[in-house]
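J.: Pasting a structure below so you can have a look.
Coordinate-derived values only; no laboratory data. Note that this is a predicted model, so its numbers are computed, not measured. Neighbour counts run over all protein chains shown; Cβ positions are idealised from the backbone, glycine included.
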Amino acid sequence: MKIAISSVGDSLDSQVADVFGRCLYFIIVEIEDGKIIKTGVLKNENESQQSGAGIATSQLMVDEKIETVIAKNIGPKADDVLKQFKIEVYNADGSIKEAIDSFIAKNNK
């Protein structure tokens, strides 16, 4: 499973960003059998767009073949695009590492 977590920084120690469409980075995590098998960083080039950042960022998730997004807040238009492409959305706060650990714990029962 390929997950994108909206982030204020480019590491697992960074905090989950307050917003989805205008976050600075996405931490990309691939999980298999409840374990992290790969991590990466994706710079969000849409963060400074005048308008439509959420929709453009949702399209970025589609293009990157993301299956799940973890974010603190997602706007309604961005959420609609993610749902249209069957990308699951989970809310989280705190550090990226905490968000990933919580996601794994909830989804591997």
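J.: Given H placed 1.01 Å from N in the peptide plane, which residues other than close sequence neighbours of Arg22 have an amide H under 5 Å from its amide H?
T.: Placed amide hydrogens put nothing under 5 Å from Arg22.
J.: Here is a further query. Mind listing the phi-derived Karplus ³J(HN,Hα) values for the stretch 25-32, rounded to whole Hz, using 6.51, -1.76 and 1.60 with θ = phi - 60°, and x for any glycine or proline?
T.: 9, 10, 8, 9, 10, 10, 10, 9
J.: So what's the back-of-envelope 222 nm ellipticity for the chain, counting only DSSP H runs of four-plus at -39500 (n - 2.57) apiece and dividing by all residues, rounded to 500? Don't jump to the answer; show the numbers that get you there.
T.: Values: 3 runs with 32 residues, N = 109.
For the chain, the value works out to -9000 deg cm²/dmol.
J.: From the Cα trace of the stretch 2-107, what convex hull volume per residue do you get, rounded to a whole Å³? It would help to have the intermediate numbers written out before the result.
T.: Working: hull volume 8.8 nm³, N = 106.
So the per-residue Cα hull volume is 83 Å³.
J.: Taking neighbour Cβ counts within 10 Å as the exposure measure, how do Phe26, Phe103 sort from fewest upward?
T.: Sorted ascending by nearby Cβ count, the order is Phe103, Phe26.
J.: Moving on. Sorted from fewest to most neighbouring beta carbons within 10 Å, what does the list Leu82, Leu42 look like?
T.: Leu42, Leu82
J.: Provide the per-residue ³J(HN,Hα) series for the stretch 9-21, in order, calculated from phi with Karplus coefficients 6.51, -1.76, 1.60 and θ = phi - 60°, each as a whole number of Hz, with x at glycine and proline positions.
T.: x, 10, 9, 5, 7, 5, 8, 5, 5, 5, 10, 8, x
J.: A follow-up question, please. Provide the gained length on full extension for the span Val62 to Asp10, in nm with one decimal, where the gain is 0.36 nm per separating residue minus the Cα-Cα distance.
T.: Residue separation times 0.36 nm, minus the Cα-Cα distance, leaves 16.7 nm.
J.: Now, a different point. Taking the Cβ of Lys72 as the centre, find all other residues whose Cβ is under 11 Å away and add up their charges (Lys, Arg: +1; Asp, Glu: -1).
T.: Result for the local shell: -2.
J.: Have a look at the DSSP beta bridges in the stretch 2-107 and tell me what percent are antiparallel, nearest 5.
T.: Numbers: 16 of 23 bridges.
Bridges in the stretch 2-107 that DSSP calls antiparallel: roughly 70 percent.
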